[in-house]
Amino acid sequence: MALKAGDQSQAAMNGLRDKVLTVDTMNQCVRRVEYAVRGPIVIRALELEQELRQGVKKPFTEVIRANIGDAQAMGQKPITFMRQVLALCVNPELLSSPHFPEDAKRRAERILQACGGHSLGAYSISSGIQLIREDVARYIERRDGGIPSDPTNIFLSTGASDAIVTVLKLLVAGEGRTRTGVLIPIPQYPLYSATIAELDAAQVNYYLDEERAWALDVLELGRALRQARERCRPRALCVINPGNPTGQVQTRECIEAVIRFAFEERLFLLADEVYQDNVYAEGSQFHSFKKVLTEMGPPYATQQELASFHSTSKGYMGECGFRGGYVEVVNMDPEVQQQLQKLMSVRLCPPVPGQALLDTVVSPPAPSDPSFAQFQAEKQAVLADLAAKAKLAERIFNETPGICCNPVQGAMYSFPRVELPQRAVQRAQELGLAPDMFFCMRLLEETGICVVPGSGFGQREGTYHFRMTILPPMEKLRQLLEKLSQFHARFTLEYS
Amino acid sequence: MQRAAALVRRRCCLRTPGSWGRSQSSAAAEASAVLKVRPERSPRERILTLESMNPQVKAVEYAVRGPIVLKAGEIELELQRGIKKPFTEVIRANIGDAQAMGQQPITFLRQVMALCTYPNLLDSPSFPEDAKKRARRILQACGGNSLGSYSASQGVNCIREDVATYITRRDGGVPADPDNIYLTTGASDGISTILKILVSGGGKSRTGVMIPIPQYPLYSAVISELDAIQVNYYLDEDNCWALNVNELRRAVQEAKNHCDPKVLCIINPGNPTGQVQSRKCIEDVIHFAWEEKLFLLADEVYQDNVYSPDCRFHSFKKVLYEMGPEYSSNVELASFHSTSKGYMGECGYRGGYMEVINLHPEIKGQLVKLLSVRLCPPVSGQAAMDIVVNPPVPGEESFEQFSREKESVLGNLAKKAKLTEDLFNQVPGIHCNPLQGAMYAFPRIFIPTKAVEAAQAHKMAPDMFYCMKLLEETGICVVPGSGFGQSKGTYHFRMTILPPVEKLKTVLQKVKDFHIKFLEKYA
């Protein structure tokens, strides 16, 4: 019979019984997961903010969070039309208010009609509201010059991250040498490595070519694949275009070569295209994998398996907090597609406000609509601002001795390479830190600027980088870039 | 094909860096041309097939949106296309979605949400001051004062504080620490995350997770996906679905033979069963968990849905604390709540939280790390949760209307619970336990042997066969008990009590008529 708990009151006072859940007993795959974008440096940044609030004196008055692609957190305004439609959906009483434009009201009504109980509060079907999926399909068709998109191949998701994880989950099978291998770019957005670790899949790195503006080289894909086949079964190839953290926008020829490679080598293609609206460089253009695939004709168009991802978090919208996104699957086995639906159904549905917001992204005001002028003005202002900031970051970094920055062709980040003196590298090693982590930590402590070390994204051995967003307002960005450059100079001097 | 392939290969090998020039495109054109000339071969096998996919995902089942619901969808489409049926609409009584069945959202909640979504409205005279005050507070706590920024992965700080205050109030002063609160994308997200962290080991030391039978099939689905070991403990149907510690003991002893039982999941109020556990029962469960060193998961999403006057909701957290330090300092507990149920019914917002107790600090760090990969829960859902835990109080302008709306919803649900229980119990061959709480009836149905045989001939569980027939003949979609688990040889279905009262009466009448006909047909 069980002892009465009171018999062990001394142990109770200490509360020192061994726990059920410790780092040794937990899921070891989860233990291996790392996500640098919100990793140790960000935790330190939070601590510093806390200290500042408590009045502790620092060489800076604020912490600048240049670690994460969150435009609105850095002052970018939401698009008026989008928030109007959403507010009308949230509180339909506003449909009788004179303060909302007619086109916003019509949009809201249309969305609400498609919701259970005409409310954002009802669950939707697991792949998302049918009407919105149809709108997404039309958006894709328009974007891709008329190439048809089938709404049944569109699955709305809780941000793109959710869909990426779900597709990867489907792909991971086998064990030991037959364990699924996933090819990812180095440098990469660390959702990929984190998910691969969590799923205990095999990570297969292919290196982007820093010397050629982070170009994707099919020969390098081949190299990575051949080596990987000795230890795992590579089945998936992830491409981020425009790139994160690197910002390169792949040429059409490159995309074709990747598709051919994937087809020949029997790889399921994942195309992360969340920055498709963030293309700045002259001469760069976004080409969707879906479009290129289709235009390549059979067998690629009809047989190459592809999943393409988009999100409401980036672009000109910056609606990160709403967790809106979708995946379009192409040439997926119909039975697997049912499995995808089934897996999503366990979590019921993506957040419906995020779905509604996505609808306004894919179905913006038309030129004849009352809200069009303001919408266009706001959108162009955001994109022009980002383009200018991309250029500024690139220029200032390239003017700094010991820092060089590839052209920021797209996305939201600069990923400059920094030279670190040998003594600094040694010091870092003594402290058990990656050299660029050491650099970034010191930067944070001395200037309050929080960026993410390149080691968090992957880089060629012996090279060091950091990723800094281009999102702070222009003047602030300029100051940051200058402070950072000055810090680098001091740091180099200190350790020379 | 070989020529085309050779061209492709050669191009790959010969390619000089950066020379994506004319030679490439003419080779490409040539390759394409060769490929196009050949007639389309039968497609080669896909990379991702049922055979090659993740076997754990394949094993996942989720009945609430499973085969019967897919069938309901097909029938709805047929109705839309004008195909004649013995009914004019499909009644979706399969899922706990109150607003889909006509329940109205709480006005105050939607006002605050609208103000947060479009802050221009803060200047509008059509919104009450107390709503504006809440909205401003939330926005100030958001990056860039906008719902559009990512929040901290654990959730917006002041919302976590508000949740802690709510818990403390709910539990009669038992303190809650905001640091132990994690906002989540619905409760399902939190449950899934905690289970993920818990599952480890291999073979006989693989983590075992104890779940009630009948259960809400999120649990079995997640266990399947994680390749953990499902350990069933049976609720006692003859005793109002009571949780019997002897049964827990039996289950854990048996489980130890083939796995490492580490987790005990409780759903209170219960889904699908609707029972509300007594305080004594909760104490016994906590003691059992303490004895057997089990991590407790308390799914309390229906804490506001208690109808029976003899029942009260007791949170696991409060009972644990009141049992004294040996328990309250040692038993590891995660409690879950959601914006989807209660009187709010805000399913689509995906709002939720979990409160963790006695977690190892390193584990809390691991938890935040895991959550950080997905960045943050939807901020609008976090805001919705804030209003749930921080509603209007007496003296505030919106209090009266808020109270009225809340009481109206809960009163209505209580009425429908009783109505459903009573009506089902009048049907020969149906027995329904008291609906003490939650949103569902889970009546037991008698299925004649001939029907069981017919089901087997169709390769279906007998209650699935029954529910399919019900759907096809009346348009009413409910979920067979086999989707939730039940004692062998017994059959049930889960039906929500959410349709409006008059419709619910009609639905219940139709089920009754169907059941009687079914019994006659298979006598």
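Within segment A:3-42, take every residue that is touching a Phe, Trp or Tyr at 6+ places or on another chain (Cβ under 9 Å) and open to solvent by less than 30 Å² (accessible area, probe 1.4 Å) and give me the one that is modelled with the lowest pLDDT. That would be A:A12. Among the numbered conditions (1) more than 20 Å from B:G102 (Cβ to Cβ); (2) within 8 Å of chain B (Cβ to nearest Cβ); (3) open to solvent by 20 Å² or more (accessible area, probe 1.4 Å); (4) assigned to a helix (DSSP H, G or I), the only one that A:G117 does not meet is (1).
Annotation note: Cβ proximity below 7 Å between a residue of segment B:155-175 that is over 19 Å from B:D304 (Cα atoms) and open to solvent by less than 50 Å² (accessible area, probe 1.4 Å) and a residue that is polar (S, T, N, Q) and assigned to a helix (DSSP H, G or I) (sequence gap 6+ or interchain) occurs for B:G155/B:Q382; B:V156/B:Q382; B:I159/B:Q382. As for segment B:484-501, it holds no residue that is part of a helix (DSSP H, G or I), surrounded by 14 or more Cβ atoms within 10 Å (Cβ to Cβ) and of a type outside the set (K, R). Quick check on my filter: what residues within segment B:352-387 are within 12 Å of chain A (Cβ to nearest Cβ) and touching a His at 6+ places or on another chain (Cβ under 8 Å)? Of everything in segment B:352-387, just one residue is within 12 Å of chain A (Cβ to nearest Cβ) and touching a His at 6+ places or on another chain (Cβ under 8 Å), namely B:G352. Selection of first residues in segment A:130-142 that are acidic (D, E) and of second residues that are part of a helix (DSSP H, G or I), restricted to Cβ pairs under 6 Å at least 6 apart or on distinct chains, gives the following pairs, ordered by first then second residue: A:E134/A:P151; A:D135/A:D359; A:D135/A:V362. Within segment B:104-123, the residues that satisfy the criterion of being in a loop (DSSP other than H, G, I, E, B) and facing chain A (nearest Cβ under 7 Å) are B:P105, B:Y118.
Only residues that are open to solvent by less than 30 Å² (accessible area, probe 1.4 Å) and either in a strand (DSSP E or B) or among the β-branched types (V, I, T) (or both): list them for segment B:355-371, please. Within segment B:355-371, B:E355, B:V356, B:I357, B:I363 qualify. Residue count for segment B:48-86, restricted to those that are more than 9 Å from chain A (Cβ to nearest Cβ), under 23 Å from the mean Cα position of the chain (by Cα) and basic (K, R): 1. Would you check if B:L504 is part of a helix (DSSP H, G or I), touching a strand residue (DSSP E or B) at 6+ places or on another chain (Cβ under 6 Å) and either of a type outside the set (S, T, Y) or modelled with pLDDT under 95 (or both)? So B:L504 does not fit the description; no.
The condition (being out of contact with any strand residue (DSSP E or B) (no Cβ under 6 Å at 6 or more places or on another chain), in contact (Cβ under 8 Å) with a residue 60 or more places away in the chain, within 30 Å of B:T506 (Cβ to Cβ) and open to solvent by less than 40 Å² (accessible area, probe 1.4 Å)) is satisfied by just one residue among B:G66, B:G102, B:G73: B:G66. Take the residues in segment A:120-144 that are of a type in the set (A, V, I, L, M, F, W, C) and not in a loop (DSSP other than H, G, I, E, B), then tell me which one is farthest from the other protein chains (Cβ to nearest Cβ). Checking each candidate, the answer is A:I140. The set of residues from segment B:176-204 being acidic (D, E) and open to solvent by 30 Å² or more (accessible area, probe 1.4 Å) comprises B:D177, B:D179.
The C-beta contact set for segment B:229-251 (first residue surrounded by fewer than 20 Cβ atoms within 10 Å (Cβ to Cβ), second residue of a type in the set (D, E, K, R), distance under 6 angstrom, 6+ apart or interchain) comprises B:Y234/B:E247; B:A242/B:D236; B:N244/B:D236; B:V245/B:D284.
Of the residues in segment B:376-388, none is surrounded by fewer than 21 Cβ atoms within 10 Å (Cβ to Cβ) and either at pLDDT 95 or above or within 30 Å of A:L191 (Cβ to Cβ) (or both).
Among the residues examined, A:A381 does not qualify as open to solvent by less than 30 Å² (accessible area, probe 1.4 Å) and over 15 Å from A:I154 (Cα atoms). In segment A:27-60, which residue that is outside any helix (DSSP H, G or I) and in contact with a helix residue (DSSP H, G or I) (Cβ under 7 Å, 6 or more places away or on another chain) is farthest from the other protein chains (Cβ to nearest Cβ)? Among those residues, the one meeting the criterion is A:P59. In the set B:S335, B:S340, only one residue is buried (at least 24 other Cβ atoms within 10 Å of the Cβ), assigned to a loop (DSSP other than H, G, I, E, B) and touching a helix residue (DSSP H, G or I) at 6+ places or on another chain (Cβ under 7 Å); that residue is B:S340. Scanning segment A:145-185 for residues that are more than 14 Å from chain B (Cβ to nearest Cβ), surrounded by fewer than 18 Cβ atoms within 10 Å (Cβ to Cβ) and not small (G, A, S) yields A:I147, A:P148, A:D150, A:R177.
The values are calculated or read from the model by the stated rules, or taken from the named source; none is laboratory data. Since this is a predicted model, take the numbers as computed values, not measurements. Every residue, glycine as well, gets a Cβ built from its backbone with ideal geometry; the counts of neighbours run over all protein chains shown. These accessible areas exclude ligands, DNA and RNA; they are computed on the full protein's heavy atoms, side chains included. Shrake-Rupley method; radii C 1.70, N 1.55, O 1.52, S 1.80 Å.
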